[in-house]
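The values are calculated or read from the model by the stated rules, or taken from the named source; none is laboratory data. If you're wondering where the values come from, they're calculated on a predicted model, not measured in any experiment. Methodologically, a virtual Cβ is constructed for each residue, glycine included, from the backbone with ideal geometry; neighbour enumeration extends over all protein chains shown.
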Ligand SMILES: [Zn+2]
């Protein structure tokens, strides 16, 4: 039987537009392909409640285990938070692909808000001076047209009162790097070591900084970006959408 989604309460032209669009382009859960109701889509996460409950949640211990083999990462980060464990070929990967390869800024913000909730739940007194997305290389930025971590960072910042500024001008890539995907653990580190610099060390001195990226695999990129911040006198915490399984 062909089921129409429930008719939402129409509270204005935007709700009406959403309802009409919803009928024309029904949003599907990225986990199970079931149609999402308009009310569920409003939080911006393309997951039904049961898929959202059953996804593998990441813990601090998983993040720590990922960072453990990288000597340069030891003692660099204060708090660390990740939402989900990356499941190659699974729902978390589909969520990440939707963020990375479809230009949907609202999706990044929605993930960021969820990540912010996880961080403030684990650390209710956390306060940040700055939220910094990992910058893309210039070429990658031109290819893709946007930086997925920038949207995550904006969603994350919304979880805090006062809302910290998101700055994408303070961290700079100083040289081109290869894609990390095909590299071994050791090569990943040499590929990105010293590839980041802080443009204005005074602006980060004595600041608590939240460094944001979409996926943590070996932690090489995040560590390479965190070291110059730490050297400039910042305390660096880390927030990622997904962490690779150990
Ligand atoms: Zn689902």
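Quick notes on this one:
- Condition check for residue 178: more than 30 Å from residue 43 (Cβ to Cβ), buried (at least 16 other Cβ atoms within 10 Å of the Cβ), assigned by TED's automatic domain parsing to the domain that holds residue 223 and in contact with a helix residue (DSSP H, G or I) (Cβ under 9 Å, 6 or more places away or on another chain): no
- Against the numbered list (1) out of contact with any strand residue (DSSP E or B) (no Cβ under 9 Å at 6 or more places or on another chain); (2) buried (at least 22 other Cβ atoms within 10 Å of the Cβ), residue 224 comes up short only at (1).
- All told, residue 95 meets the bar of being assigned by TED's automatic domain parsing to the domain that holds residue 223 and under 18 Å from residue 31 (Cβ atoms).
- Every residue from the stretch 161-170 that is modelled with pLDDT of 95 or more and surrounded by 15 or more Cβ atoms within 10 Å (Cβ to Cβ): 164, 166, 167, 170
- Criterion (within 16 Å of the ligand (Cβ to nearest atom) and modelled with pLDDT of 85 or more) met by exactly one of 82, 98: 98
- Verdict on residue 112 being away from the ligand (no atom under 16 Å from the Cβ) and in contact with a strand residue (DSSP E or B) (Cβ under 7 Å, 6 or more places away or on another chain): no
- Qualifying residue in the stretch 142-158 (condition: within 16 Å of the chain's Cα centre (by Cα) and more than 27 Å from residue 179 (Cα to Cα)): yes
- The residues listed here are 71, 49; of these, the one that is free of Cβ contacts under 8 Å to residues at least 60 places away in the same chain and not assigned by TED's automatic domain parsing to the domain that holds residue 220 is 49.
Residues checked against (1) modelled with pLDDT of 95 or more; (2) assigned to a strand (DSSP E or B); (3) closer than 26 Å to residue 95 by Cα:
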| position | (1), (2), (3) |
| --- | --- |
| 172 | no, yes, no |
| 176 | no, no, no |
| 180 | no, no, yes |
| 183 | no, no, yes |
| 187 | no, no, no |
| 191 | no, no, no |
| 203 | yes, no, no |
| 224 | yes, no, yes |
| 238 | yes, yes, yes |
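- The set of residues in the stretch 115-135 that are surrounded by 14 or more Cβ atoms within 10 Å (Cβ to Cβ) and either in contact with a strand residue (DSSP E or B) (Cβ under 6 Å, 6 or more places away or on another chain) or within 12 Å of residue 212 (Cα to Cα) (or both) comprises 115, 116, 118, 119, 128, 129, 130, 131, 132, 133, 134, 135.
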